[in-house]
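Here the structure is laid out as structure tokens; the discussion comes afterwards.
Every number in this text was worked out from the coordinates using simple rules, so none of it is lab data. A quick note: this is a predicted structure, and the numbers were derived from the prediction, not measured. Neighbour counts run over all protein chains shown; Cβ positions are idealised from the backbone, glycine included.
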Amino acid sequence: MQLREFIEAQEFYRVPLKMLATGHYLFSAKINGVLGDFILDTGASTSCVGFTDSAHFLLISEESIIKAAGAGAVNMETMLSRGNVFSIKNWKIKNMDFVLFDLSHVNEALSQVNEKPVHGIIGADFLKQHRAVIDYGRNCFYLK
């Protein structure tokens, strides 16, 4: 039995991934009904959206004491947006939180290898909560 057959029999939802020139994996999803592009990042502790895309996704944000760090940037200011609808095609959750922070360093790295900017990063918080299984051989992941 193939992984796909086994995992889909367990009612996991399959999400295709596109590998970027940077080695990151990209997929499209909606926040509050608005489509965007996201990097899947097992090394990111929390899922986040760039400050500049806050209005794009109709996010309501609040003050945050969290300082962001990663990808060569440290001690960055953040905001928090709670209770958002997050959907990937026919799969949906209604209470997802996002940290908002400056993604310009991520998008600058992508532009240097002629990749389009992303709206956010989906991290380990989401992956763990939804029992994600990443199939690197087939460029996809599964969610419960």
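Sorted from fewest to most neighbouring beta carbons within 10 Å, what does the list 88, 31, 93 look like? Present the calculation step by step, with values, prior to reporting the outcome.
Details: 88 19, 31 24, 93 14.
Going from least to most buried by this count: 93, 88, 31.
Ranking of 119, 24 by neighbouring Cβ atoms within 10 Å, starting from the fewest: 24, 119.
Determine the gain in length on full extension of the stretch residue 124-residue 102; use 0.36 nm per residue of separation and subtract their C-alpha separation, reporting nm with one decimal. Provide the component values of the computation, followed by the final result.
Values: separation 22, 0.36 × 22 = 7.92 nm, distance 1.89 nm.
Value of the extension gain: 6.0 nm.
Modelled this way, with points 7 Å down the Cα-to-C-beta line, the labels at residue 34 and residue 61 are 1.2 nm from one another.
For residue 100, nonlocal amide neighbours, meaning residues 5 or more places apart or on other chains whose placed amide H falls under 5 Å from its own, are 49, 79, 80, 81.
Near residue 138, no amide H atom lies under 5 Å from its own; only residues 5 or more places off or on other chains count, and H is placed 1.01 Å from N. Estimated from helical segments only, the mean residue ellipticity of the chain at 222 nm is -3500 deg cm²/dmol, where each DSSP H run of four or more residues counts as -39500 (n - 2.57). Across the chain, how many lysine pairs separated by 8 or more positions, or lying on different chains, have Cα atoms within less than 24 Å? The result is 21.
Here the label points at residue 116 and residue 139, each 7 Å from Cα along the C-beta direction, are separated by 1.5 nm in the simple model. For the pair the stretch 99-120 / the stretch 129-144, the C-alpha centres are spaced 23 Å from each other.
Converting phi to 3J(HN,Hα) with the Karplus coefficients 6.51, -1.76 and 1.60 and the offset θ = phi - 60°, the stretch 117-123 yields x, 10, 8, x, 10, 9, x Hz in sequence order, with x at every glycine or proline. Here the Karplus relation 6.51 cos²θ - 1.76 cosθ + 1.60, evaluated at θ = phi - 60°, turns the backbone of the stretch 127-142 into coupling constants of 4, 5, 4, 10, 6, 4, 10, 9, 9, 5, x, 10, 6, 7, 9, 10 Hz, with x for every Gly and Pro.
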